[in-house]
Number of protein chains: 2
Amino acid sequence: MQTKAYAAAAARAPLGPITIDRRDPGSKDVAIEILYCGVCHSDLHTARGEWPGILYPCVPGHEIIGRVTAVGKDVTKFKPGDVAGVGCMVDSCRTCDPCQHDLEQYCAGPHSFTGTYNGAAKGGLPNTLGGYSKQIVVEDHFVLRIQHKEEDLAAAAPLLCAGITTWSPLKHWNVGPGKKVGVVGIGGLGHMGVKLAHALGAHVVAFTTSDSKRQAALDLGADEVVVSKNADEMAAHAGTFDFILNTVAASHDLDAFTKLLKLDGTLTLVGVPEHPHPSPSAGVLIFGRKAIAGSLIGGIAETQEMLDFCAEHGITSDVEMIAMKDIDHAYDRMLKSDVKYRFVIDMATLD
Amino acid sequence: MQTKAYAAAAARAPLGPITIDRRDPGSKDVAIEILYCGVCHSDLHTARGEWPGILYPCVPGHEIIGRVTAVGKDVTKFKPGDVAGVGCMVDSCRTCDPCQHDLEQYCAGPHSFTGTYNGAAKGGLPNTLGGYSKQIVVEDHFVLRIQHKEEDLAAAAPLLCAGITTWSPLKHWNVGPGKKVGVVGIGGLGHMGVKLAHALGAHVVAFTTSDSKRQAALDLGADEVVVSKNADEMAAHAGTFDFILNTVAASHDLDAFTKLLKLDGTLTLVGVPEHPHPSPSAGVLIFGRKAIAGSLIGGIAETQEMLDFCAEHGITSDVEMIAMKDIDHAYDRMLKSDVKYRFVIDMATLD
């Protein structure tokens, strides 16, 4: 089965229209007509070949919301007409210890999980092709139920990556009422971190490098905003945070944030910087039994939990809709942080 | 009250005999005649002025075992003739949240905890003076019961710092049966880490840079020994450790060890290197929800728990006894790792 898509033909080529093959749905597959696809920084890094091992043509996109058009005979969770989502993963080994514990994102099988794009494809295709396309076929285990209102569907798309990437560490490190939680960086990930930590009942402090983002961060649900370049403002919070979620993937001083943790606090990174962060101080960790940790997206069951929580609480991403043809311009704007806070492609514009 | 001691008069001076003042025991104080004092790397760094803020004359020593000679009227835990120990702390604020939770080592009071040496002394004295002395006076809360056999007392002294510094993280990170635990560096701290992790029932892997230490590490209780310079040997353990205790305070590649952690594993540092470790990889942490943490000695209740455990299981440090006058030579040998594994001063030699 063939479908329209938008692809980078090579590392430095602008994206353009292409026709791609999708496998015929197997007994456990769900075929989805894509309505919306969020635009993640990973899309940009991959399409432009900034990461190693990218295969071309490359169709990015892993914040997918669409409508089910067909299901295999063994699929019971979905039926044609349902609204469904697909995130960063479309397969994993399903048998390793992490997979058996709903932690497919940490699949310890021979190939780790299969990314929604640039992963190892099934059915003889060379690599998985993502959500910048009209149709996708995914095994039911990796398809999510979407219970948001019809008018919220576009803004729900970024929950599939930005949402779960922030939700998973917030939940893992027990963020909730009575906890003081920081979110570093108020962009695509960070703005979801603020919304979700707030909805989970924590006292949320947003850290930004820009004084101009204060009001916007408050509007997202932050209880306080700290401009991280202001040493006095930072020092006033020393030793007070239970948990800090650091969404900034650019190299920066982590000690500035570990110093703000209280005893047994954790600073969790969700982004890999191109150039390493300056070496963090062992002393700051030792004199407070603090930790620097990492977290990767989230498992499928946890993603469903997050989506259901967001539907119930009316939480979506703040998005700017774009047409498919404007994707390269959107990438350029993302590089300048010129988006509040996530681009979403209206896939109707691919026709 | 005056007592004989051994002190550094200045940063680069050799240590020599001195007479020092001890406060008269107050109602909650315990006066102890010191029998043995272990020699910690911190003693060396402090005596030789390698750390900032050292006051002279400096009397090091915080692995103290001795006999109670007098107690204040409100002391019920000890009586004259008891064997007692003093570790790294002789006071703390006692009212902050960490102190209230038996975590005096993380005292959040205005002055943190009071170190056994180079801390802020009570009674108008300029700075606390440690265990390289014949007598010490310490408030009962910071005095430990020692239940080891008489012939084990010298070898029990290093438990007061090396023992608790390794015990506390092993317990905090739930080391026990069914857990695969690494101990990096087989020196004063590391050899206690191996002994304690083994006694706690874990599968213990000792990491050393030297092939020549294999048998010695097995003798300490390691189930396996890995020479960390051997990449193949390291790779064979990738993703398999629940916890790794890193006792090496010299700058080294932490990624080599975080790569060996399994999902949700933690690498805990207990030493502050003079030059920072190379910046650890965020990606290794993220793709496995791993953490790099720190840990500082242990609380008083936890130190008592460790001492009681060690007495019950016949665990002591492996020590080499020295005379007080040989302390500078012992420091020089420590710098060459020429000790298996801890020097202990026989305080009878101070007469």
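Coordinate-derived values only; no laboratory data. Being a predicted model, the structure only gives us computed values, none of them experimental. Here Cβ is always computed from backbone atoms with ideal geometry, including for glycine, and neighbour counts include all displayed protein chains.
Kindly identify chain B as rounded, prolate or oblate by the Cα gyration tensor criterion: order the square roots of the eigenvalues as a ≥ b ≥ c, call it rounded if a/c is under 1.5, otherwise compare a/b with b/c, prolate if a/b is larger, else oblate. Mind dumping the intermediate values first?
Details: a/c = 1.75, a/b = 1.63, b/c = 1.07.
It is prolate, given that a/c is not under 1.5 and a/b is the larger ratio.
Looking at A:ILE286, A:ASN246, A:TYR331, which one has the Cα that reaches farthest to the positive end of the dipole of the stretch A:232-351 (charges on Cβ: Lys, Arg +1; Asp, Glu -1)?
A:ILE286
Do the sum for the protein assembly as shown: with -39,500 (n - 2.57) for every DSSP H run of n ≥ 4, divided by all residues, what is the mean residue ellipticity at 222 nm, to the nearest 500 deg cm²/dmol? All intermediate terms of the calculation are to be shown ahead of the outcome.
Values: 22 runs with 164 residues, N = 702.
One gets -6000 deg cm²/dmol as the mean residue ellipticity at 222 nm.
Using the Cα centre of the protein assembly as shown as origin and beta-carbon charges of +1 (Lys, Arg) and -1 (Asp, Glu), tell me which of A:HIS203, B:LEU200, A:MET347 is placed farthest towards the positive end of the dipole.
The listed residue farthest towards the positive side: A:MET347.
So which lysines pass the test for A:LYS28, namely a Cα distance under 27 Å, with those fewer than 8 places away in the same chain ruled out?
A:LYS4, A:LYS73, A:LYS77, A:LYS79, A:LYS122, A:LYS134, A:LYS149
To the nearest 10 degrees, how steep is helix B:162-172 against the longest Cα principal axis of chain B, on a 0 to 90 scale?
Approximately 50 degrees, to the nearest 10.
What percent do you get for the relative contact order of the stretch A:165-294 when only Cα pairs under 8 Å and 6+ apart count? Each step should come with its number before you reach the end.
On the way: 278 pairs, mean separation 27.9, N = 130.
Averaging sequence separation for qualifying contacts and normalising by length gives 21 percent for the stretch A:165-294.
Estimate the FRET efficiency between B:ALA256 and B:THR76 by the formula 1/(1 + (r/R0)^6), using the beta-carbon distance for r and 51 Å for R0, to the nearest 0.05.
Numbers: r = 50 Å, r/R0 = 0.98.
My answer for the efficiency is 0.55.
If you put +1 on each Lys and Arg Cβ and -1 on each Asp and Glu Cβ, how big is the dipole of the stretch B:165-294 around its Cα centre, in Debye rounded to 20? Mind dumping the intermediate values first?
On the way: 11 positive and 11 negative charges, 63 e Å.
I would put it at about 300 debye.
Mind listing which GluC sites (Glu not before Pro) in the stretch A:1-79 are in a DSSP loop and have 14 or fewer other Cβ atoms within 10 Å? Walk me through the intermediate numbers first.
On the way: sites: A:GLU33, A:GLU50, A:GLU63; in loops: A:GLU50, A:GLU63.
Taking the stretch A:1-79 and a limit of 14 other Cβ atoms within 10 Å, the loop GluC sites (Glu not before Pro) found are A:GLU50.
Given a Förster distance of 45 angstrom, what is the FRET efficiency for B:ALA120 paired with A:LEU218, based on the Cβ-Cβ distance and rounded to 0.05? Kindly include the intermediate steps, with their values, before the conclusion.
Details: r = 42 Å, r/R0 = 0.94.
About 0.60, to the nearest 0.05.
Got a sec? How would A:PHE113, A:PHE287 order by Cβ neighbour count within 10 Å, fewest to most? Show your work: numbers first, answer last.
Values: A:PHE113 26, A:PHE287 18.
Starting with the residue having the fewest Cβ neighbours, the order is A:PHE287, A:PHE113.
Using a simple charge model, +1 on the beta-carbon of Lys and Arg, -1 on the beta-carbon of Asp and Glu, nothing else, what dipole does chain B show about its Cα centre, in debye to the nearest 20? Can you show the working numbers first?
Numbers: 31 positive and 41 negative charges, 64 e Å.
With Lys and Arg at +1 and Asp and Glu at -1, about 300 debye.
If you take every residue apart from B:ARG342 with its C-beta less than 13 Å away from the C-beta of B:ARG342, what net charge results, scoring Lys and Arg +1 and Asp and Glu -1?
-2
Applying 1/(1 + (r/R0)^6) with R0 = 45 Å to the Cβ-Cβ distance of B:VAL227 and A:ALA348, what FRET efficiency is obtained, to the nearest 0.05?
On the way: r = 61 Å, r/R0 = 1.36.
Efficiency for this residue pair is about 0.15.
With the cut-off at 1.5 for a/c, could you classify the stretch B:165-294 from its C-alpha gyration tensor as rounded, prolate or oblate? Walk me through the numbers before you get to the answer.
Details: a/c = 1.32, a/b = 1.19, b/c = 1.10.
The shape class here is rounded.
Which percent of Cα pairs goes in each bin when the distances of the protein assembly as shown are cut into 10 angstrom slices starting at zero?
3, 14, 22, 21, 16, 11, 8, 4, 1, 0
Taking neighbour Cβ counts within 10 Å as the exposure measure, how do B:THR266, B:THR46 sort from fewest upward? Please report the intermediate quantities before stating the final value.
Values: B:THR266 22, B:THR46 25.
With the fewest neighbours first, B:THR266, B:THR46 line up as B:THR266, B:THR46.
Rounded, prolate or oblate, given the Cα gyration tensor of the stretch B:1-117, with a/c below 1.5 counting as rounded? Intermediate results must be reported in sequence, preceding the final value.
Details: a/c = 2.02, a/b = 1.19, b/c = 1.70.
Verdict is oblate for the stretch B:1-117.
Taking only Cα atoms and a 10 Å spring cutoff, compute GNM fluctuations for chain B and point out the largest among B:THR166, B:THR69, B:THR209.
B:THR209
Let me check against my output: what whole-number percent is the relative contact order of chain B, with C-alpha pairs under 8 Å and at least 6 apart?
Numbers: 851 pairs, mean separation 61.8, N = 351.
It comes to 18 percent, rounded to a whole number.
Tilt of helix B:188-199 relative to the longest C-alpha principal axis of chain B, in degrees (0 to 90, nearest 10)?
It is inclined by approximately 70 degrees.
Which residues does a label at B:ARG94 reach in the stretch B:1-44, if reach means a backbone N under 13 Å from a point 7 Å past the Cα toward the Cβ?
It comes to B:26-30, nothing else.
Less than 13 Å Cβ to Cβ from B:ALA156, Lys/Arg counted +1 and Asp/Glu -1: what total charge do the surrounding residues give? Kindly include the intermediate steps, with their values, before the conclusion.
Working: positive: B:ARG145, B:LYS149, B:LYS195, B:ARG342; negative: B:GLU63, B:GLU150, B:GLU151, B:ASP152, B:ASP308, B:GLU312, B:ASP318.
The answer is -3.
Just how large is the dipole of the stretch B:58-163 about the Cα centre, in debye to the nearest 20, putting +1 at every Lys and Arg Cβ and -1 at every Asp and Glu Cβ?
Values: 9 positive and 12 negative charges, 62 e Å.
Approximately 300 debye in magnitude.
Among all the aspartates and glutamates, which ones have a C-alpha under 14 Å from A:LYS180's C-alpha, if same-chain residues fewer than 8 places away are not counted?
Here the aspartates and glutamates satisfying the reach criterion relative to A:LYS180 are A:ASP223, A:GLU224, A:ASP242, A:ASP264.
Can you tell me which of B:ASN118, B:ASN127, B:ASN174 moves the most in a GNM of chain B? Springs connect C-alpha atoms under 10 Å apart.
B:ASN174
When Lys and Arg each count +1 and Asp and Glu each count -1, what net charge do the other residues less than 11 Å away from B:ALA293, Cβ to Cβ, add up to?
Working: positive: A:ARG289, A:LYS290, B:LYS290; negative: A:ASP264.
Once positives and negatives cancel, what remains is +2.
Out of the DSSP beta bridges found with both residues in the protein assembly as shown, what percent are antiparallel (nearest 5)?
On the way: 67 of 121 bridges.
The antiparallel fraction comes to roughly 55 percent.
For helix A:300-313, report the angle its Cα long axis makes with the longest principal axis of the Cα atoms of chain A; keep it between 0 and 90° and round to the nearest 10°.
The helix A:300-313 is inclined about 70 degrees to chain A.
Normalised by the number of residues in the stretch B:206-253, what is the relative contact order in percent for Cα pairs under 8 Å and 6+ residues apart?
Working: 30 pairs, mean separation 14.2, N = 48.
With pairs under 8 Å counted, the relative contact order is 30 percent.
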